[in-house]
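Nothing in this text is a laboratory measurement; each read-out follows from the coordinates by a stated rule. Not measured: the values here are computed from a predicted model. Every residue, glycine as well, gets a Cβ built from its backbone with ideal geometry; the counts of neighbours run over all protein chains shown.
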């Protein structure tokens, strides 16, 4: 059954991509979006590009903090910030583009952190805690947005069940999200017993770790949403907090879909949720987001992976070379014979 699901989820992800791309094609059919998008890209002021780039740096810097927080929870303090930052950056650049189910942070992190002495169990806990930190950020920010502005989900009317888009229901969902965050904080503060869900065992972190999680996770989401906000034109811009709410809903849906990079799904939901803006202008901002948050980090991550593997290969070859070139000493008996010359028995 497990092997069957390993094929089913990627297939569903690809199907979601194709359906979303087809729906986007229907959205833009009859429009020559190429020239319009190119004109929109050139119309973005350099200052706005600069703020979008700064938002990207904030998002990826905080993602590195995710790893650092998890390592502190594990009691690991000997790994440098530089190594953590490169490992985290590479992990998320690959996972965001190729699909979270393919790597889930485990493959790249295992290859990197195992060289620093971490065990597979420690790396698995690190991956789980990083995912938990992101989830806490979504619950915290999502809960605050839905409680303070429950009408946000109306933007997804027709794409979500009608019950979920009602303000009353949305506010209840927000309260539940904040309740889960509060329960997690209480478990940490009062040092409650670990939570066992099947084979999964969740140990509440120390309050200092929990506080870091509550600071880091929202910062990463705020930074990523800022890329899109600064790439949108001022005219018709609904404001940062609307963009933030739409970003969390669209990005979460793209992650759940398991589609590579959320391609098509992310764009479709975002465009549908912002009907007051011209679709090609929203698409332009999303292209800027993909360039800064996905494409350029992927290129840099590929360089990091190649450089890392090349160094490891050189180290392996340098350790193997002395063993191959060293000649074994002659046995003592043969050495003694060679020193005294051939005996009569040898001649016979």
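Values computed for the structure shown
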quantity	calculated
Computed E for residue 98/residue 172 - FRET, C-beta separation, R0 25 angstrom, nearest 0.05	0.10
Sorted peptide list for 166-179, 143-156, criterion being average Cβ within 10 angstrom, highest first	143-156, 166-179
Where labels lie 7 Å past Cα in the beta-carbon direction, separation of residue 296 and residue 81 in nm	2.2
Cα→Cβ-extended label distance, 7 Å offset, between residue 110 and residue 163, nm	4.0
Extension gain from residue 189 to residue 149, taking 0.36 nm per residue of separation minus the Cα-Cα distance	11.5 nm
Cα-Cα P(r), the range 154-242, percent of pairs per 10 Å interval	13, 26, 33, 22, 5, 0
In nm, spacing of pseudo-spin labels at residue 54 and residue 124 (7 Å Cα→C-beta vector)	4.3
Ranked packing of 218-227, 301-310, most packed first, by mean Cβ within 10 Å	218-227, 301-310
Segment residue 180-residue 209, length gained on full extension (0.36 nm per residue, minus Cα span)	8.7 nm
FRET efficiency, 1/(1 + (r/R0)^6) with R0 41 Å, evaluated for residue 42 and residue 313 via beta carbons	0.40
